[in-house]
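Asker: Have a look at this one.
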Amino acid sequence: MKKFVNDPRSFVPEMLTGIALANPDTLKYVPEYNLIYRADAPRDDKVSVIQGSGSGHEPAHVMVVGKGMLDAACPGDVFAAPPMEYVLETAKLLRSEKGVLLLVNNYTGDRMAFEMAQELAEAEGMLVKTLFINDDVAVQDSTWTVGRRGVAGNFFVMKAVGAASEAGADLDDVIRVGEKVNSVTRTMGIALTACTPPAKGSPLFELGDDEMEIGVGIHGEPGRRRAKLASADEIVDELLGAVVPDLPYASGDEVALMINGLGGTPISELYILYGIAHRKLEEKGIRVWRSYVGEYCTSLDMAGASLTLVKVDDEIKGLLEAPAEIAIRVF
């Protein structure tokens, strides 16, 4: 597999260096802790919102640092949780009088690192709390998780808590908002190819030209089953058939609908999936309030997509519509 890479061990630091150099006015970078944070952070008038997770899921999380989103991100190596020390030092550097919120995708390594960092930070007198994200309906447990995995639905939790924090909410209310959004968010993914981590240099698993992995995880974990490649209509039926009954979502509900690319899928194909999903939801009496199509949480170069639904009410709508400015310059 061809990649733009030097030493695979330097893949993440070199990526973070590039992000920092490209955005010197809005971001700061602390190489010792893989820390990317807002240039105006920390601020004592708002809760500091931090997320880590492994690298390889960009733009999550280092590319969604900015006003109304994350205050900081401290990723680990590709598909690896950040060391506890990274999380602790990030929390200390982003310390705020209103407290620090640690967002954690529900994987075993991430939970361990963040929970230990929280305990040590609290021992130093800091106000720190943790919120776990677990939107993936594909499996209840896997070798990577304790319970359901946190996948692309984490975007909606980040957006909601970022908006609440920016509005000056206290730590308990920011957590309440995040838990509320997490509780009404469900995701399912499907892979057409495996991804290739730089350190491995070959695909994590093999899929035949006529196969797809249904319910795949964002680290290449096995899904619910392997099946023959199907049409776009059939794939959306599979995803909606898993997601809709899980909450369940019902006729009369309003939802945010996300079609998330996993890294190697053309945007044109994502819009094909979106159009099909939108139509099928409307046929069920579920109204799509707002659309999200693109790459939000990837798996390196995996060809595939995930579908996320968020059941919205007036409060959640307001949070998702609140202004946000990621610090990465796009235009």
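Asker: Restricting to DSSP H runs of at least four residues, report the calculated mean residue ellipticity at 222 nm for the chain, -39500 (n - 2.57) per run over all residues, nearest 500 deg cm²/dmol.
Answerer: Details: 8 runs with 101 residues, N = 331.
Value at 222 nm, helices only: -9500 deg cm²/dmol.
Asker: Using a simple charge model, +1 on the beta-carbon of Lys and Arg, -1 on the beta-carbon of Asp and Glu, nothing else, what dipole does segment 1-63 show about its Cα centre, in debye to the nearest 20? List each step's numbers first, then the result.
Answerer: Values: 7 positive and 8 negative charges, 44 e Å.
Using only the charged Cβ atoms, the result is roughly 220 debye.
Asker: How long is the gain from Arg279 to Glu211 if the chain were fully straight, where each residue apart is worth 0.36 nm and the alpha carbon distance is subtracted? Present the calculation step by step, with values, prior to reporting the outcome.
Answerer: Working: separation 68, 0.36 × 68 = 24.48 nm, distance 2.58 nm.
Using 0.36 nm per residue and subtracting the Cα-Cα distance, I get 21.9 nm.
Asker: Here's a follow-up. Starting from the Kirkwood radius over alpha-carbon pairs of segment 148-247, derive D by Stokes-Einstein at 10 °C in a medium of 1.306 mPa s and give it in µm² s⁻¹. Don't skip to the end; give the middle numbers.
Answerer: Values: Rh = 15.7 Å.
D = 101 µm²/s.
Asker: Which value, in debye to the nearest 20, describes the size of the charge dipole of segment 140-203 about its Cα centre when Lys and Arg Cβ atoms bear +1, Asp and Glu Cβ atoms bear -1, and nothing else is charged?
Answerer: Working: 7 positive and 6 negative charges, 79 e Å.
With only Lys, Arg, Asp and Glu charged at Cβ, the dipole is about 380 debye.
Asker: Where the centroid of each part is defined by its Cα atoms, how far is segment 242-303 from segment 5-64 in Å?
Answerer: Computed from Cα coordinates, the inter-centre distance equals 28 Å.
Asker: Follow-up question, since we're still on this one. Looking only at the chain, where both bridge partners belong to it, what percent of the DSSP beta bridges are antiparallel (to the nearest 5)? Walk me through the numbers before you get to the answer.
Answerer: Details: 28 of 51 bridges.
Of the beta bridges lying entirely in the chain, close to 55 percent run antiparallel.
Asker: Here is a follow-up. Between Ser231 and Arg176, how high is the FRET efficiency from 1/(1 + (r/R0)^6) when r is the Cβ-Cβ distance and R₀ = 35 Å? Nearest 0.05.
Answerer: Working: r = 42 Å, r/R0 = 1.20.
That gives a FRET efficiency of 0.25.
Asker: Let me ask you something else. Determine which lysines satisfy two conditions relative to Lys28: a Cα distance under 18 Å, and not lying fewer than 8 residues away in the same chain.
Answerer: Lys67, Lys92
Asker: Not counting the cut sites, what is the longest span of the chain without GluC sites (Glu not before Pro) that DSSP labels loop and that have at most 13 other Cβ atoms within 10 Å?
Answerer: Working: sites that count: Glu97, Glu124, Glu206.
Here the longest run is 207-331.
Asker: With the crude spin-label approximation of a point 7 Å out along Cα→Cβ, what separation in nm comes out for Leu21 versus Thr130?
Answerer: 3.6
Asker: Lys and Arg at +1, Asp and Glu at -1: add these up for the other residues within a Cβ distance under 10 Å of Gly261 and post the number.
Answerer: Cβ neighbours under 10 Å give a net charge of -2.
Asker: Next question, about the same structure. Looking at segment 29-100, send over the antiparallel percent of its DSSP beta bridges, to the nearest 5. It would help to have the intermediate numbers written out before the result.
Answerer: Details: 4 of 9 bridges.
Percentage antiparallel, nearest 5: 45.
Asker: Is the C-alpha gyration tensor of the chain telling us rounded, prolate or oblate? Criteria: a/c under 1.5 is rounded; beyond that, a/b larger than b/c is prolate, otherwise oblate. Can you show the working numbers first?
Answerer: Values: a/c = 1.73, a/b = 1.25, b/c = 1.39.
Note, shape of the chain comes out oblate.
Asker: Moving to a separate point now. Just subtract the alpha-carbon distance of Asp44 and Ser183 from 0.36 nm times their residue separation and send over the number in nm, one decimal. Don't skip to the end; give the middle numbers.
Answerer: Numbers: separation 139, 0.36 × 139 = 50.04 nm, distance 2.88 nm.
Contour length minus the Cα-Cα distance gives 47.2 nm.
Read-outs: derived from the displayed coordinates by stated rules, not from any lab. Since this is a predicted model, take the numbers as computed values, not measurements. Neighbour counts run over all protein chains shown; Cβ positions are idealised from the backbone, glycine included.
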